[in-house]
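Below you'll find the structure, written out as C-alpha cells, and then a few comments.
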Amino acid sequence: MAHVFLLNSTVVFWPERNVLYAKSDETKRITLSNPATRCLLLLIQQQGQVIGRDYFFEHVWYINGAQVTNNTFYQNISLLRRAFKELSLNEELIVTVPKVGIRLEPQLEVLEQKIEKPLSDHPVTPSVTSVNTVTKSLRMRTLCWILASVVCCVLAAIVTWEAQFDPRLSRYVPLSVGEGCHWYANQDVLKFDQHQQFIKTSTLDCQSYPWVYLTLYPNFPRISALTCRKQFSRWRDNDCVTHYYFAESRHVGT
C-alpha cells in the first residue's frame with residue numbers, strides 16, 4: 001500500500017518513488033530529484049501558504065546534512081514547474097512571492113490516496129511488430145547510444161577542465177575593499193553578515209597581504225582567513241598565510 005497524491009484528477013505524485021505521471025497513461029512520467037520531491041511535498045502539505053526559502057533549506061537540505069545555494073534551490077523549483085507543464089498542469093500554480101518564499105496555489109485540487117497497483121517500469125508494447133518497425137527501433141537505439149556516448153565524453157571533458165583550471169578559491173565572491181584589503185568569501189552560504197562583521201573587527205595586515213579569502217559558516221566555531229600578497233592564481237606560486245580563529249578556546253586544535 002503506497003501513499004500518493006492525485007493532482008487535478010489527472011496527475012499522480014508518488015513521493016516514495018520521486019515520480020510524477022499521468023493518471024491516464026503511466027508511461028508519461030517525469031522522475032524528480034530527491035530535493036525536488038521534498039520541495040513539492042512541503043508545498044502540498046502547506047498548500048496556499050507561503051513557505052520561506054530558509055524553511056525549504058532547513059527541511060529539504062540541512063536535515064539531510066547537505067549544503068545548498070540559492071541557485072540550487074531555484075533550479076529545483078524550476079524543475080517542478082517544467083514537470084507540471086509537461087504533464088498539462090498549469091506551471092503558474094507554483095508561485096514565487098518575491099523576498100518571501102514559494103506558494104502552491106489553492107486552485108490545484110490535491111487528493112491523498114492509497115494505491116496497491118505498482119507503477120510499471122516498462123510501457124506495454126504490442127504483441128505483433130513488423131520487421132521494418134524492429135529495424136527502425138534498433139537503428140534509433142543505436143543512434144541514441146552514440147549520442148549518449150558523445151554527451152558523456154563532452155561532460156567528462158568539461159569536468160576535467162573544471163578540475164584542472166578552476167581552483168576552489170576562484171569561486172569565492174568579492175565582498176568589499178577596505179583598509180587596503182580585498183575581501184572575498186566562500187559562496188556556499190546564504191548570507192554574508194558574519195563575514196562583514198569579521199571585516200569590521202579584523203586586525204589583519206592589509207599592507208603586506210592585501211588579498212583575503214574568508215571561509216566562514218554559521219554556527220561553526222572556526223573561521224579561516226587565507227591572506228595572500230597577490231590575487232590567488234593557479235598559474236603561479238602564491239605567497240599566502242592561513243589564519244584560524246576559534247569562537248571558544250576549547251575548539252583550538254580540533
(request) Look at N71 and say whether it is under 18 Å from the mean Cα position of the chain (by Cα), open to solvent by 40 Å² or more (accessible area, probe 1.4 Å) and under 27 Å from K114 (Cα atoms). (result) no
(request) Scan (1) over 23 Å from T96 (Cβ atoms); (2) open to solvent by 50 Å² or more (accessible area, probe 1.4 Å); (3) out of contact with any strand residue (DSSP E or B) (no Cβ under 6 Å at 6 or more places or on another chain) for the single condition E26 breaks and write down its number. (result) (2)
(request) Answer yes or no as to whether Y217 is over 15 Å from Y172 (Cβ atoms) and either modelled with pLDDT of 80 or more or in contact with a strand residue (DSSP E or B) (Cβ under 9 Å, 6 or more places away or on another chain) (or both). (result) no
(request) Filter the stretch 34-58 down to the residues that are open to solvent by 60 Å² or more (accessible area, probe 1.4 Å) and part of a helix (DSSP H, G or I), then identify the one that is farthest from E92 (Cα to Cα). (result) E58
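Within the stretch 63-84, count every residue that is in a helix (DSSP H, G or I) and either farther than 21 Å from K99 by Cβ or in contact with a Pro (Cβ under 7 Å, 6 or more places away or on another chain) (or both). Full working, then the answer.
Going residue by residue through the stretch 63-84, those that are in a helix (DSSP H, G or I) are 63-64, 70-84.
Filter once more, keeping what is either farther than 21 Å from K99 by Cβ or in contact with a Pro (Cβ under 7 Å, 6 or more places away or on another chain) (or both): 63-64, 76, 79, 82-84.
Result for the stretch 63-84: 7.
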(request) Considering each of E86, E92 in turn, give the residue that is open to solvent by 100 Å² or more (accessible area, probe 1.4 Å), more than 18 Å from the chain's Cα centre (by Cα), within 14 Å of L20 (Cα to Cα) and acidic (D, E). (result) E86
(request) Working only within the stretch 29-60, note down all residues that are of a type outside the set (S, T, Y), touching a strand residue (DSSP E or B) at 6+ places or on another chain (Cβ under 6 Å) and farther than 11 Å from I102 by Cα. (result) R29, I30, I44
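The values are calculated or read from the model by the stated rules, or taken from the named source; none is laboratory data. All of these numbers come straight from a predicted model, not from anything done at the bench. Methodologically, a virtual Cβ is constructed for each residue, glycine included, from the backbone with ideal geometry; neighbour enumeration extends over all protein chains shown. The area values use the complete protein model at the heavy-atom level, side chains included, leaving out ligands, DNA and RNA. Shrake-Rupley method; radii C 1.70, N 1.55, O 1.52, S 1.80 Å.
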